[in-house]
Amino acid sequence: MAAGREEHTVAREKFFVDWSDAAFPKILPIKFASEYATPLTLTEAKQEIVDHFRNDIEHAREQIRIARSARAADLVVG
């Protein structure tokens, strides 16, 4: 199969993101998915993973900012 034709075939395939191990999500062909999985193009599946980890990074930065700005008076004991 010619390289251009192969790329065209892959572009039409559908995938899903397997989040069973959230630290290491996998992109798999939709044929291995449950009936509830959302069919995605390869580009959409990759973007889903990127967006997820970008949100994690933003959340971590916010938690770091809050921790750094904490004062003893802000802490509640008991």
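Here are the numbers:
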| quantity | calculated |
| --- | --- |
| Unmet criterion (only one of (1) among the polar types (S, T, N, Q); (2) at pLDDT 95 or above; (3) loosely packed, with under 10 Cβ neighbours inside 10 Å) for Q47 | (3) |
| Matching entry among H59, H8 (being at pLDDT below 95, open to solvent by 90 Å² or more (accessible area, probe 1.4 Å) and not in a loop (DSSP other than H, G, I, E, B)) | H8 |
| Count of residues meeting criterion [open to solvent by 100 Å² or more (accessible area, probe 1.4 Å) and on the phi < 0 side of the Ramachandran plot] in region 62-78 | 6 |
| Contacts under 6 angstrom Cβ, first residue in region 11-24 being in contact (Cβ under 8 Å) with a residue 12 or more places away in the chain and under 15 Å from Q47 (Cβ atoms), partner open to solvent by 70 Å² or more (accessible area, probe 1.4 Å) and part of a loop (DSSP other than H, G, I, E, B), 6 or more apart | K14/P39 |
| Condition check for K31: open to solvent by 100 Å² or more (accessible area, probe 1.4 Å), modelled with pLDDT under 95 and of a type in the set (D, E, K, R) | yes |
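The values are calculated or read from the model by the stated rules, or taken from the named source; none is laboratory data. This structure is a prediction, so every number in the text was calculated from the model and none was measured. Here the Cβ is made from the backbone with ideal geometry for all residues, glycine too, and neighbour counts use every protein chain on show. Remember, those area values only see protein heavy atoms, side chains included, never the ligands or the DNA or RNA. Shrake-Rupley method; radii C 1.70, N 1.55, O 1.52, S 1.80 Å.
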